[in-house]
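Working notes, beginning with the structure itself.
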Amino acid sequence: MRHILRRREWVADQWRYLGEEAAPGAALIVPYAQLQADSQWLSRPGPLGVRLAPVDAVEDLTGLLPHLSLVAVEFPSPGEGRGYTQGRLLRERFGFKGELRALGVQQDQLFLLARCGFDAFDLTQPQEHEAAVRALSRYDVAYQPGAAQVALRRQRFFA
Amino acid sequence: MYRYDALDQALVDQRVAEFRDQTRRHLAGELSEEQFKPLRLRNGLYIQRHAPMLRIAIPYGLLSSMQLTKLADLALRFDRGYGHFTTRQNLQLNWPALGDVPQILAELASVQMHAIQTSGNCVRNVTADHLAGIAPDEVDDPRPYCEIIRQWSTLNPEFTYLPRKFKIAVTGSPEDRAASEVHDIGLQMMRDAQGGIGFTVRVGGGLGRAPMIGQVMREFLPLGDLLSYLEAVLRVYNRHGRRDNLNKARIKVLVKSLGIARFREQVEAEWQASAAHASKLTAAEVERVRAFFRPQPYETLEDIDATAGRDNAFLAWYRYNTRAHRVPGYRAVFVCLKAHGQVPGDMTSKQMAAVAALAERVSFGLVRTTHSQNLLLADVPQRDLYAVWRELQDFGLAMPNIGTLTDMIACPGLDFCSLANAGTLDVAKSIQQRFDDLDYLYDLGELEIKMSGCMNACGHHHVGHIGVLGVDKHGEEWYQISLGGSANGFTALGEVIGPSVRKNEVAPTIERIVEVYRRLRAEGERFIDTVRRVGLDPFREGAYAAHPAAA
């Protein structure tokens, strides 16, 4: 059973990635390219999520967002940075309110990801439970505006 | 200068705690080198040829005496008693032990310093004109805006993992001493008809592979829009900059492939769309930061002739190593890190401590680092110049060659850097030896040699009047010579004049080049102006005249 860090708590993941064993009607995360190619996914029973690769343009997702309870953004390497922008745009510009999950990240990325609006993390080293929760509170100050996932004592610039 | 408030201090302290933990996990085998690398890079730590190298940020080149004293102390205790000042106004320690770095960073934080984002694919140290705040030709002091950009870019949640490094420079003067046109973003301060402050924004400049000069994005960006506009540029770059090929990942490649018009369109559209969520720069925040950069409490003095009755050695130093000041009775003084026989930009702990003490006495306790790898005491009373000269002489910091051929820029090269193809330090020494005669140097006048050990161009060879680039040929060190580059208010990229030469031929080739200049120059004409007037052909012929063309 996979565990993920969601809103500062380690929980058993109720979602399945496409390709994993899933009961009919189970919450399922489908890669964006497949969702785009086949609209039948939208009429499948059960909660639906999408999985975004770094090259996927979030603008193209806007029509689908009402059908989606989760967006999982892929971070295939530690230096991949497009997902940070994808997250911010989904939250700020497209008003996505569902679970925004960062996929394939390490604890050292969590603070900035949370500031970009991510509220769930599927970590590469999921055994580091306490350290990952602590990493979300690594800083209690920031210069830039950002999502309210982490509480800040001080902030310099506001939107 | 800017002083940290509770937010600034908490942020660097928390950063130190974070890196201490990351270093511990790495040394314990919990973080692989691949996972640790982007983290250590964003704390200024490279793994070099011999040892880690730590690049300490000196934001826009401004240091207090206390900070320079701390740097001297750190170099002594954790390194070999010296450091290297870079073209981007930072300080590099070449030999720290990995396990000591968290402690070094903690001590830096205790004097309001850090090494955050001095390497890695993120926004780097913001640089400025070393004469900021005192230059007679200045529109406005650029440093408050550099400080604002420093803060905005530090641990920026969205832009810390860019396709490639990102360099921003701000110049307050039309004579662009910050080389802003060869930065990813170059900001040139302007005033509108109402006297309001703003910037001409250039994007896509850069050296390295495929050097380019920045193109104008906005003729006048009002100050209030600065951060939101930077965010729009960075966002378009973060999304669309190439990540598949390291050599094509800089923003200049994106700008070139789209063309400036389309790139501008995308940025403007992004800027409009993100208005509600972008960082606002309020007038109150601008005033808060500007207040730290008010003019110094200068004495009311008259200009005096500091050279009257003095010896020739002092006269030469005064002429070459000091500069005019906006305030009567004061002058700016270069602390020369280009003494012959010395590595350009290197400085010992003893010298650093001495300059820190001197600045405390004669220049309001402030020191600046310059793009040309020297230091500057910006506000020295003219009556103290002679004593200052004597003191700098005692510490080997008064070589009167600023602006001349031997005031050359050089990266650390193959001796230290694992990227380099060729050595630069022994070439620099051979040039210093060959041009050791001061009268000859003075006769050659203003002349910039810039030397890089590889294509990454840390030594800015493309914009040297004479550029030297180390290349690897079948495992041997060879050097390409280029001519005609410049970066001060008239940015031009130099052109390679012919086949590369062996290491021992660099200095003789340069000598043949400057001899062509001596032959062809008009009365009072600078080297670069002669090159522009007569073109490269005579120099090509002269440079290789006595030299069999290299394979």
Worksheet, complete the sentence: Excluding residues fewer than 8 positions from B:LYS350 in its own chain, the lysines with Cα under 29 Å of it are B:LYS70, B:LYS338, B:LYS429, B:LYS450
Item to complete: Can you work out the PRE-style zone for B:HIS474? Point 7 Å along Cα to Cβ, and I want the residues of the range B:386-429 with backbone N under 20 Å.
Response: B:421-423
Worksheet entry | Sites matching GluC sites (Glu not before Pro) across the range A:11-90 that sit in DSSP coil, with at most 11 neighbouring C-beta atoms within 10 Å | A:GLU21
Worksheet item: Roughly how big is the range B:6-110's charge dipole about its Cα centre, with Cβ charges of +1 (Lys, Arg) and -1 (Asp, Glu), in debye to the nearest 20?
Response: 280 debye
Worksheet entry | ³J(HN,Hα) computed for each position of the range B:448-462 - Karplus, 6.51 cos²θ - 1.76 cosθ + 1.60, integer Hz, glycine/proline x | 10, 9, 10, 10, 10, x, 6, 4, 5, 6, 4, x, 6, 4, 4
Worksheet entry | Point-to-point label distance, A:VAL133-A:LEU18, nm (Cα→Cβ direction, 7 Å offset) | 3.5 nm
Worksheet item: When the Karplus curve 6.51 cos²θ - 1.76 cosθ + 1.60 is applied with θ = phi - 60°, which whole-Hz ³J(HN,Hα) does each residue of the range B:52-66 get, with x for Gly and Pro?
Response: x, 10, 10, 9, 8, 6, 10, x, 6, x, 10, 10, 8, 4, 4
Discussion item. Using a 10 Å cut-off around each Cβ of peptide A:72-85, what is the average number of partner chain Cβ atoms that fall inside?
Written reply: 5
Worksheet, complete the sentence: Under the helix-only model (-39500 (n - 2.57) for each DSSP H run of 4 or more, divided by the residues of chain B), the mean residue ellipticity at 222 nm, to 500 deg cm²/dmol, is -10500 deg cm²/dmol
Practice prompt. Can you tell me the FRET efficiency between B:ALA291 and B:PHE220 if r is taken as the Cβ-Cβ distance and R0 is 25 Å, rounded to the nearest 0.05?
Written response: 0.50
Practice prompt. May I ask you to list the trypsin sites (Lys or Arg not before Pro) in the range A:62-147 that are in a DSSP loop and have at most 10 other Cβ atoms within 10 Å of their Cβ?
Written response: A:LYS97
Worksheet item: Which longest run of chain B has no exposed loop site in it, a site being GluC sites (Glu not before Pro) in a DSSP loop with at most 16 other beta carbons within 10 Å, and the site itself not part of the run?
Response: B:31-174
Practice prompt. Determine, from the Cβ-Cβ distance of B:ASN312 and B:ARG434 and an R0 of 22 Å, the FRET efficiency 1/(1 + (r/R0)^6), rounded to the nearest 0.05.
Written response: 0.40
Discussion item. Below 8 Å between Cα atoms, with a sequence gap of 6+, how large is the relative contact order for the range B:6-110 in percent?
Written reply: 30 percent
Worksheet item: Given H placed 1.01 Å from N in the peptide plane, which residues other than close sequence neighbours of B:PHE85 have an amide H under 5 Å from its amide H?
Response: B:GLN92, B:ASP346, B:MET347
Discussion item. Inside 10 Å of the C-beta atoms of B:279-287, what's the mean count of C-beta atoms belonging to other chains?
Written reply: 2
Worksheet item: Using 0.36 nm per residue, how much length does the chain from B:LEU27 to B:ALA357 gain when fully extended, once their Cα-Cα distance is taken away?
Response: 115.0 nm
Fill in: Three semi-axes of the equivalent ellipsoid, the range B:467-551, Cα gyration tensor, whole Å, largest first
24, 15, 9
Item to complete: Can you pull a Stokes-Einstein diffusion coefficient for the range B:304-432 at 10 °C (1.306 mPa s), Rh from Kirkwood over Cα pairs, as a whole number of µm²/s?
Response: 104 µm²/s
Fill in: Within chain B: Cβ-based charge dipole about Cα centre, in debye rounded to nearest 20 (Lys, Arg +1; Asp, Glu -1)
1320 debye
Worksheet item: Over all Cα pairs of the protein assembly as shown, how is the pair count split among 10 Å bins, expressed in % and running from 0 up to the last occupied bin?
Response: 3, 14, 24, 25, 18, 10, 5, 2, 0, 0
Discussion item. In chain B, if the dipole is taken from +1 on Lys/Arg beta carbons and -1 on Asp/Glu beta carbons about the Cα centre, which of B:ALA291, B:GLY205, B:ALA193 is farthest to the positive end?
Written reply: B:GLY205
Discussion item. Going by Cα centres, the range B:160-210 and the range A:35-86 are how many Å apart?
Written reply: 36 Å
Response to the item:
Over all directions, the range B:150-281 yields a Cα convex hull whose mean projected area in nm² is 8.1 nm²
Worksheet, complete the sentence: One checks the Cα atoms of the range B:416-487 and finds Rg and Dmax, in Å, of 12.9, 40
Worksheet item: All other residues with a Cβ under 11 Å from the Cβ of B:PRO328 taken together, and with Lys, Arg as +1 and Asp, Glu as -1, what is their net charge?
Response: -1
Fill in: Size-normalised alpha-carbon gyration radius of the range B:141-188, reference 2.2 N^0.38 Å
1.22
Worksheet item: Kirkwood Rh over Cα pairs of the range B:290-332 into Stokes-Einstein at 10 °C, 1.306 mPa s: D in µm²/s?
Response: 130 µm²/s
Response to the item:
Note on chain A: contact order normalised by length, alpha-carbon pairs under 8 Å, 6 or more apart, percent, works out to 18 percent
Response to the item:
Here the net charge surrounding A:GLN86, from other residues whose Cβ is less than 13 Å away from its Cβ (Lys, Arg +1; Asp, Glu -1), is +1
Worksheet item: When N is the residue count of chain A, what does its C-alpha Rg come to as a fraction of 2.2 N^0.38 Å?
Response: 1.03
Worksheet item: Which of the lysines could be linked to A:LYS97 by a straight reach, that is with a Cα gap under 27 Å, when you skip same-chain ones fewer than 8 residues away?
Response: B:LYS280
Worksheet item: Given the Cα-Cα distance of B:GLN272 and B:ARG319 and 0.36 nm per residue of separation, how much length would full extension add, in nm?
Response: 11.8 nm
Fill in: Dipole of the range B:312-394, positive direction: furthest Cα of B:ALA339, B:GLY329, B:ALA356, with charges on the beta-carbon
B:GLY329
Discussion item. With no other cysteine's Cβ closer than 4.7 Å, which Cys residues of the protein assembly as shown count as lacking a disulfide-compatible partner?
Written reply: A:CYS116, B:CYS122, B:CYS146, B:CYS336, B:CYS417, B:CYS454
Worksheet item: For the range B:339-378, what's the relative contact order in percent, using C-alpha pairs closer than 8 Å and at least 6 residues apart?
Response: 29 percent
Worksheet item: What is the Cα radius of gyration of chain B over 2.2 N^0.38 Å, N being its residue count?
Response: 0.94
Worksheet item: Translational D (Stokes-Einstein, µm²/s) of the range B:409-544 at 25 °C and 0.890 mPa s when Rh comes from the Kirkwood sum over C-alpha pairs?
Response: 166 µm²/s
Response to the item:
Once phi for every residue in the range B:522-533 is put through the Karplus expression 6.51 cos²θ - 1.76 cosθ + 1.60 (θ = phi - 60°), the whole-Hz ³J(HN,Hα) values, with Gly and Pro written as x, are 7, 3, x, 7, 6, 3, 5, 6, 5, 4, 5, 6
Worksheet item: Using unit Cβ charges (K, R positive; D, E negative) and no other charged atoms, how large, in debye to the nearest 20, is the dipole of chain A about its Cα centre?
Response: 680 debye
Practice prompt. Could you calculate the contour length gain from B:LEU98 to B:VAL534, that is, 0.36 nm times the residue separation minus the distance between their Cα atoms, to one decimal place in nm?
Written response: 151.7 nm
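No value in this document is a laboratory result; all are computed from the given coordinates. Treat the numbers as computed from the prediction; the structure is a model and nothing was measured. Cβ coordinates were reconstructed from backbone atoms using ideal geometry, including for glycine residues, and neighbour counts include every protein chain displayed.
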